[in-house]
Amino acid sequence: MYDVIVVGGGPVGSYVAYKLAGMGHDVVVLEQKERLGGRVCCAGIISQECVNSFDIDDSVVLRRVSSAKLFSPSGRMLRLWRQETQVCVVDRAAFDMAIANWAQGKGAQYVLNSLVGNIEVGGDGVRVEATRQGEILNFEARAAVIATGFGSRLVGGLGLGKIGDFIMGAQAEVETVGVDEVEVYFGQEVAPDFFAWLVPTSPLKALVGLLSRRSPGLYLRKLISSLLAQGKIVSDEAELSHRGISLKPLARTYGRRLVVVGDAAGQVKPTTGGGIYYGLLCADIAANNLHRALDDDDLSARNLASYEREWKKKLGRELKIGYWVRKFYEHLSDRQVDRAFDIIKSSGIDEALLKADDLSFDWHGEVILRLLGHRVLSKAIKAMKIPFRFGVA
């Protein structure tokens, strides 16, 4: 019997495995894909803070970014720039492999091409059934970690509820011409209720993608055609990948002998859809709590509830503010977004924020509240008479 079964070999699942194996526990990771580091629908943008906090190796970083261009629906542009690096674009395949290698280096075992179909929790352990090339495999452990990413059916079957809200994304790799900064596009004709991006990964390559409440693939095709017409890319031939992204956390992220982490738990920034850093932070919390519970031989739901309390203490307010602002943005018309761009630029709000020491790619809460509290912008928002009530508990 293993100490822990980790279901999902992405960066979050692998980090839990790395930490637990490093603490001396016997860990097995079950991964559905045939190989680690496969294609992922993700822009691969993580903060410098994330790189520093988790000692991410330079070898997986494709590009360091200190600036970005934001385009309003009518084409108004805000350019955000700082002297120091703000974010890094990582090679997701290499990034995923690197963390899996950390885990394997500590003794974690990986079983690939294994689709988990059922998890049973008993008084003496957890039994996991997986299918591999038509063969049924059974694994037993004292506890299990669900790190399967968005849309796992396992959590619902275990009585942990479901993700409260989600969005769909689409992305493709394209060849570029003269694009050397991250570009972000807003507008109902570009990405309804959300935004789109063009992220350079090398001098001639970039990732283009978007999040949308409806038909992300259709809108991405339109965006790619627009970028071709603007001369920013060289071809509209591109293979699209899709994925769902959680906007609200899972109703419950723990149970008897169970914890859920990462996208599967909804530990994702609602403002941007980014989940790598928050997922790794929660993976660290999950590993520490499981280590304590394993050593105490108390894997009850009551004991593992400390995991949820701890991650919510760290991220809960950020997620709430981010989700409220996400819903607020969805009530804005293109004209109102353009107006907000004008106010931010003409009032020097963008420059003031860039000079603020606490401006962070990962921690949006205080910046958002400061923006909403700015006299000129606050007055304009009230004048818009948006049918949405904003509040922070």
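The values are calculated or read from the model by the stated rules, or taken from the named source; none is laboratory data. Since the model is a prediction, treat every value here as computed from it, not as a measurement. Cβ coordinates were reconstructed from backbone atoms using ideal geometry, including for glycine residues, and neighbour counts include every protein chain displayed.
Would you mention how many residues in the range 326-348 are surrounded by 20 or more Cβ atoms within 10 Å (Cβ to Cβ) and either under 19 Å from the mean Cα position of the chain (by Cα) or β-branched (V, I, T) (or both)?
Total satisfying the criteria: 2.
Of all residues in the range 333-347, how many are touching a Phe, Trp or Tyr at 6+ places or on another chain (Cβ under 6 Å) and free of Cβ contacts under 8 Å to residues at least 60 places away in the same chain?
Summing the residues that are touching a Phe, Trp or Tyr at 6+ places or on another chain (Cβ under 6 Å) and free of Cβ contacts under 8 Å to residues at least 60 places away in the same chain in the range 333-347 gives 0.
Looking at the range 312-325, is at least one residue touching a strand residue (DSSP E or B) at 6+ places or on another chain (Cβ under 8 Å) and surrounded by fewer than 23 Cβ atoms within 10 Å (Cβ to Cβ)?
no
Of (1) more than 16 Å from the chain's Cα centre (by Cα); (2) modelled with pLDDT of 90 or more, G273 satisfies all except one. Which?
In the conditions (1) more than 16 Å from the chain's Cα centre (by Cα); (2) modelled with pLDDT of 90 or more, G273 misses (1) alone.
Might you let me know whether the range 103-121 holds any residue that is closer than 22 Å to Y2 by Cα and of a type in the set (D, E, K, R)?
There is at least one residue in the range 103-121 that is closer than 22 Å to Y2 by Cα and of a type in the set (D, E, K, R).
Do we find that I233 is among the aliphatic types (A, V, I, L, M), assigned by TED's automatic domain parsing to the domain that holds V179 and without any contact (Cβ under 8 Å) to a residue 60 or more places away in the chain in this structure?
When the stated conditions are applied, I233 passes them.
Just one of the numbered conditions (1) assigned to a loop (DSSP other than H, G, I, E, B); (2) more than 25 Å from L210 (Cβ to Cβ) is not true of K33; which one?
(2)
Please specify each residue of the range 247-299 satisfying the condition of being in contact with a Gly (Cβ under 6 Å, 6 or more places away or on another chain) and among the β-branched types (V, I, T).
If the condition is that a residue be in contact with a Gly (Cβ under 6 Å, 6 or more places away or on another chain) and among the β-branched types (V, I, T), then V268, T271 are the ones that fit.
Name the one entry in V184, V116 that is assigned to a strand (DSSP E or B), outside the structural domain of A21 (by TED's automatic domain parsing) and touching a residue at least 60 places away in the same chain (Cβ under 8 Å).
When all the criteria are applied, what remains is V184.
Please find, among A93, A21, the residue that is under 19 Å from G209 (Cα atoms) and part of a helix (DSSP H, G or I).
A93
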